[in-house]
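> Input: one structure, supplied below.
The values are calculated or read from the model by the stated rules, or taken from the named source; none is laboratory data. In this text, all values refer to a predicted model and were calculated from it rather than measured experimentally. Methodologically, a virtual Cβ is constructed for each residue, glycine included, from the backbone with ideal geometry; neighbour enumeration extends over all protein chains shown. Ligands, DNA and RNA are stripped out before the accessible areas are found, and what is left, the full protein with its side chains, is counted by its heavy atoms. Shrake-Rupley method; radii C 1.70, N 1.55, O 1.52, S 1.80 Å.
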Amino acid sequence: MIDFVQTTVDGVMVGCSYGLLAIGFTLIFGVIRRLNLSYGPSIMVGAYLGTFLYVQFGAGPLLVAVAVVAGAAIAGIYVERLCFAPMKGGAGVASMVSSFAIWMQLEQAMILLLPRHTYAFPALATGAPWEFGPFTLRPDQLLMLILAIATGIIVNTIIYRTRFGTGLRLVTSNQIAAHLVGVNVRNVMLGAFALASAVGGFAGFLVLAIDQQVTPMFGMWATIKGLIAMMIGGLGSVPGAIAGGLVLGVIEAHAQGLVGPQARDLTAYLLLFLCLVLRPGGLFGKAPEADGAFSSRST
Amino acid sequence: MDDHVVSVLSNIGVISFVALSAYLLLLTGEISFGQQAFFGIGAYAAAIATAMWGWPLAAGLMLGALAGASSALLVGLPTLRLHGLYFAVATLAFAEMIRILLELFHYQVAVDGELVGPNGTDGFGGIRYVFQNKIGAFEYMLLIYTLLATALAGLWLLERSRLGVAFRMIGGDETLAKTSGIAITRHRMIAAALAGALAGIGGGLYAHLTTYIEPRIFDIMLGVHALAYGLIGGLGTALGPLLGVLIDIGLLGSTRLFSGYRMIVFGGLVAVLLIFRPRGLLNEEMVHRIGSFWRRVWPTDPSQKSHGKT
Amino acid sequence: MSAEILKVSGLATSYGKIEALKGVDLRVESGKVTCLLGPNGAGKTTLMMTIAGILQARRGSILLEGKQLVGLSPANIVTQGVALVPENRLVFPQMSVRENLLAGAYQRNDKVGIAGDIERMYTRFPRLRERSEQLAGTLSGGEQQMLAVARALMSRPRLLLMDEPSLGLAPMVVADIFRIISELNRDGTSIFLVEQNAHMALQVAHHFYLMEQGKVTFDGTPGELAEDEVIQRAYLGTSRRSDP
Amino acid sequence: MKKTAMLSAAAFIGINLVFPAAAAQNIRAKADVVCEPTKENLTYDCKIKLVDARTNAPLTGVTLTVGADMPSMPGVHNLRSVIAQAQGDPGNYRAILELEMTGVWALRLDITGATRDRVVKVLRFGDD
């Protein structure tokens, strides 16, 4: 029982960052209705820039966080300009493959910047774990939880309280209708990529700061975790993304606790597969409508 | 022929199978991120057959194709209802599950006093059929291309058959295809099985080419590459994916041109190419244009044209 | 001849290699209802989408009171005072009726004015007041059409473009829609209307155009031609009749 | 002439595909590989010891070429193979490898000459 609670708490901590990753993914999906495979690699660009500053100049966590977020946002804008903005409506597969090509490009560029396999990443906070009776809580994990929740609140405010957020919601809801009420759809898309990559970048910063190391696999890792959490929660839904992230985090933690590290990933994919087969709309979304936007048919 | 050239050409030939596999599904309008799973299953099946059970290569490759096709059918059943992104991600999830299961797969027997067989993340080495039977690198390359040519001829015939027309119709507009009386479910299953078999044979050839396989080879990178090859080379003809592989592995991967910067150049080129040609270099329009040019240069007897009318 | 609010000349729009509009000329008079009739596939919706800036014109010009609209973004065209009520009632389905109305005022910043306009819309369309907090996707077809019109009006357009407002609606609702069109026009809004329902359209229109295969083939006032002649020309086609 | 060669090659493969030769006829190579980084970035000095797997006798009189591939990117980093030089005791060889990045590489040891075989060794190159 005690183990169960402890594992669940640990899972929630990680799940928060998954949730943030999924929010970014889902924001992009909402406006472009297709998959941006370069989402994780954009975050990796930020992560490597931050690591570079840390390794070369000994930058502190705050500066590194700013670099990660800014780097991710800039890379996100680059991806939007090159892979999505120029594509005429319907070229869904082409822009997705294009985002994959840019994934390869960004990854290699970062490997050129930092060619070693592993680099150290600054810790979020140091200090001995707190003990509450039988439970332990690492201060950096608690800080991560707080920062993740704060980020969620900020994103929520941007989406529901700003003019840009209104535009974003309108484009997500119905792109043509958004055009017709005077939303500058191109700007909103660009903004969505920047915002989403920045949020993803911050999530990436939190995860790396807990792990205290970064490898070239991080880009793929971020794409996959964000994708799974997004799909479990329901495509295009921000509350779903958070829920999907938490579910993924908790279930992974338990799978790892019960069976072992390989079971962790296996369970994550099994959960995703079952979710898609049994409830394609995700745990919290609606069943998918016959959406032609993402299909090779309409290219 | 230079050993390096033979090795590169062999690689191109083998990877072409998985590219064709993804292309076949694209024809029916489905994007799969998971064809690498059937490539991997085929590789393991064929390698187990020759290296551990002492089967001849031909039988091993057949087993690989069979394993690829049957596992494609198996995953096809629950994912049939899914489309577009949902199908793509479901295939990805399946392929990653297979990869992790292969990481947990330990099955070894002693051959000549040495343990051979899948050993989890440590891979599966000693797939030495080609060497034991003194098949030279060049001869093995010929085998790969003979099989590839057979597969292409099969695809060429398929695209001109009723089945192929049905595939393109489903890919074009499923509702329309349904109202034209095409059994969608059955055709999608057939396409999935054929694609699985293609990937399976390719995997079997790959295992015997490199003599060493491990689960990591069959991860999402390979799958998305396979998909990308079709898009780069063009969706107008089965030669498109081959062109894609040729450009990537042949032109960029194997020359030391841009070494270290290869992906930066290649990634950018692909992105720019897709802006101007979202259906690849050899898209339907280009294929049509080449076709009419060919007919002008090489006019055929007009009476032969009537066979398309049935 | 009274002042024109919209003048379209030589307008051509293509989808890939298929030219949907092949040089369209027409004008919408200020303060009047102008109607465009024609068979399916004539290019009517393409014309509307091109005026609204969603589709790019290949040639020709669109002048709104002398100001060129070709090349402007859809958002910019809304700012110029043009609003389109699109075909098939494109509302924001997961948003409430009130949020949809607020979306219509996306480009405005005057909170007080917007609140007043929402109140006016509720007075004009009482059903929308009843459904204020309901999600737009759950409204009936007629209610969605009302909402689409009200949303377009929220931007305070000088020219209202309407694409097939009666499509797929019950006759009672269609009558309602046309009553509202007349009312809006009486209040001073210029209206350019695409319709399949020629009978209803000719009752409200001051001027009408016939369009066929991407070209305007006839224009006149409703009295000028017998109604069945118009219908004959608009939906059965005449211009190519003599061709072999 | 070329056609005949092709045909006979095809026939040879065909026969081999269906009737595999008895495995015992061939020498099975075994290899130990140790790679050390050099002063050059991404360049490694590899010492290879080749033996017959059954008798543990050193393999001599063969040509050894070393290539490398990254399992996580099959076919992507297909480096041009280098010929290893025989050095020191019989069966000992040495090759200098220039890799494109650190990480896990599968080294392809191709043995030609008196006997033909391939051994694949998976090694991690880099700092960790």
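> Against the definition (touching a residue at least 12 places away in the same chain (Cβ under 8 Å) and either surrounded by fewer than 17 Cβ atoms within 10 Å (Cβ to Cβ) or in contact with a Pro (Cβ under 6 Å, 6 or more places away or on another chain) (or both)), how does C:G81 come out, yes or no? So that I can check it myself, show each step before the final result.
On the way: touching a residue at least 12 places away in the same chain (Cβ under 8 Å): yes; either surrounded by fewer than 17 Cβ atoms within 10 Å (Cβ to Cβ) or in contact with a Pro (Cβ under 6 Å, 6 or more places away or on another chain) (or both): yes.
Yes, satisfied.
> I would also like to ask the following. Select, from A:G236, A:G245, the only residue that is within 14 Å of the chain's Cα centre (by Cα), more than 10 Å from every other protein chain (Cβ to nearest Cβ) and crowded, with 19+ Cβ neighbours inside 10 Å. First the steps, then the outcome.
Working: A:G236 fails: more than 10 Å from every other protein chain (Cβ to nearest Cβ).
Unique residue meeting the criteria: A:G245.
> Of all residues in the range A:52-64, count the ones that are surrounded by fewer than 23 Cβ atoms within 10 Å (Cβ to Cβ) and in a helix (DSSP H, G or I). I'd like the intermediate steps shown before the answer.
Just the residues of the range A:52-64 that are surrounded by fewer than 23 Cβ atoms within 10 Å (Cβ to Cβ), to begin with: A:52-63.
In the following step, the residues that additionally are in a helix (DSSP H, G or I) were identified as A:52-57, A:61-63.
Counting residues in the range A:52-64 that are surrounded by fewer than 23 Cβ atoms within 10 Å (Cβ to Cβ) and in a helix (DSSP H, G or I) gives 9.
> Go through the range A:80-129 and report how many residues are of a type in the set (G, A, S), more than 7 Å from chain B (Cβ to nearest Cβ) and over 15 Å from B:R279 (Cβ atoms).
Final tally of qualifying residues: 7.
> Within the range B:277-302, restricting attention to residues that are assigned to a helix (DSSP H, G or I) and open to solvent by less than 80 Å² (accessible area, probe 1.4 Å), which residue is modelled with the lowest pLDDT? Show your work before the answer.
Just the residues of the range B:277-302 that are assigned to a helix (DSSP H, G or I), to begin with: B:284-297, B:302.
Narrowing the set further to residues that are open to solvent by less than 80 Å² (accessible area, probe 1.4 Å) leaves B:284, B:286-287, B:291-292.
Details: B:E284: 79, B:M286: 83, B:V287: 83, B:G291: 84, B:S292: 84.
Across the range B:277-302, the extreme among qualifying residues is B:E284.
> Here's another thing I want to ask about it. Regarding C:K17, is this residue farther than 21 Å from C:A75 by Cα, among the basic types (K, R) and touching a helix residue (DSSP H, G or I) at 6+ places or on another chain (Cβ under 8 Å)? So that I can check it myself, show each step before the final result.
Numbers: farther than 21 Å from C:A75 by Cα: yes; among the basic types (K, R): yes; touching a helix residue (DSSP H, G or I) at 6+ places or on another chain (Cβ under 8 Å): no.
No.
> Next question, about the same structure. Just to be sure I understand the filter: pairs with C-beta atoms under 8 Å, separated by 6 or more residues or on different chains, first member in the range C:55-67 and under 24 Å from A:V185 (Cβ atoms), second member of a type in the set (S, T, Y) and modelled with pLDDT under 90. Which pairs pass?
Going by the 8 Å Cβ cut-off, the qualifying pairs are C:R58/C:S14.
> Scan the helices (runs of 4 or more DSSP H) fully inside the range B:125-216 and keep the ones with 3 or more residues being open to solvent by 50 Å² or more (accessible area, probe 1.4 Å). Walk me through how you get there before you give the answer.
Working: elements: B:129-132, B:137-160, B:162-172, B:174-179, B:184-210.
Once the helices (runs of 4 or more DSSP H) in the range B:125-216 are filtered for at least 3 residues that are open to solvent by 50 Å² or more (accessible area, probe 1.4 Å), what remains is B:137-160, B:162-172, B:174-179, B:184-210.
> Could you tell me whether A:L145 is in contact with a helix residue (DSSP H, G or I) (Cβ under 7 Å, 6 or more places away or on another chain), over 30 Å from B:G171 (Cβ atoms) and assigned to a helix (DSSP H, G or I)?
yes
> Here's another thing I want to ask about it. All but one of (1) over 14 Å from A:M44 (Cα atoms); (2) among the aliphatic types (A, V, I, L, M); (3) in a helix (DSSP H, G or I) hold for A:I102; state the number of the condition that does not hold.
Here A:I102 clears every test but (1).
> Regarding the range C:70-87, can at least one residue be identified that is closer than 18 Å to C:G10 by Cα, away from chain A (no Cβ under 11 Å) and among the aliphatic types (A, V, I, L, M)?
Filtering the range C:70-87 down to residues closer than 18 Å to C:G10 by Cα leaves C:70-72.
Restricting the remaining residues to those that are away from chain A (no Cβ under 11 Å) gives C:70-72.
Now drop any that are not among the aliphatic types (A, V, I, L, M), which leaves C:70, C:72.
The answer is yes; a qualifying residue exists.
> Follow-up. Could you list, in sequence order, all residues of the range B:67-85 that are at the interface with chain A (Cβ under 7 Å from one of its Cβ atoms), assigned to a helix (DSSP H, G or I) and closer than 17 Å to B:T185 by Cα?
B:P78, B:T79, B:G84 - these are the residues of the range B:67-85 that are at the interface with chain A (Cβ under 7 Å from one of its Cβ atoms), assigned to a helix (DSSP H, G or I) and closer than 17 Å to B:T185 by Cα.
> Here is a list: C:R233, C:R241. Which entry is surrounded by fewer than 23 Cβ atoms within 10 Å (Cβ to Cβ), modelled with pLDDT under 90 and outside any helix (DSSP H, G or I)? Quick ask: steps written out before the conclusion?
Numbers: C:R233 fails: outside any helix (DSSP H, G or I).
Among C:R233, C:R241, only C:R241 is surrounded by fewer than 23 Cβ atoms within 10 Å (Cβ to Cβ), modelled with pLDDT under 90 and outside any helix (DSSP H, G or I).
> In the range C:47-57, is there at least one residue being away from every other protein chain (no Cβ under 14 Å), open to solvent by less than 10 Å² (accessible area, probe 1.4 Å) and either closer than 26 Å to C:V173 by Cβ or modelled with pLDDT of 95 or more (or both)? Write out each step before concluding.
Within the range C:47-57, the first condition is being away from every other protein chain (no Cβ under 14 Å), and the residues that meet it are C:47, C:57.
Then drop every residue that is not open to solvent by less than 10 Å² (accessible area, probe 1.4 Å), which leaves C:47.
So of that shortlist, the ones also either closer than 26 Å to C:V173 by Cβ or modelled with pLDDT of 95 or more (or both) come out as C:47.
Within the range C:47-57, one or more residues are away from every other protein chain (no Cβ under 14 Å), open to solvent by less than 10 Å² (accessible area, probe 1.4 Å) and either closer than 26 Å to C:V173 by Cβ or modelled with pLDDT of 95 or more (or both).
> Which condition number in (1) of a type in the set (G, A, S); (2) within 8 Å of another protein chain (Cβ to nearest Cβ); (3) under 18 Å from B:L155 (Cβ atoms) is the one that B:G234 fails?
(2)
> Moving to a separate point now. Quick check on the range D:92-105. Is at least one of its residues more than 12 Å from chain B (Cβ to nearest Cβ), surrounded by fewer than 22 Cβ atoms within 10 Å (Cβ to Cβ) and touching a Gly at 6+ places or on another chain (Cβ under 6 Å)?
Yes: one or more hits.
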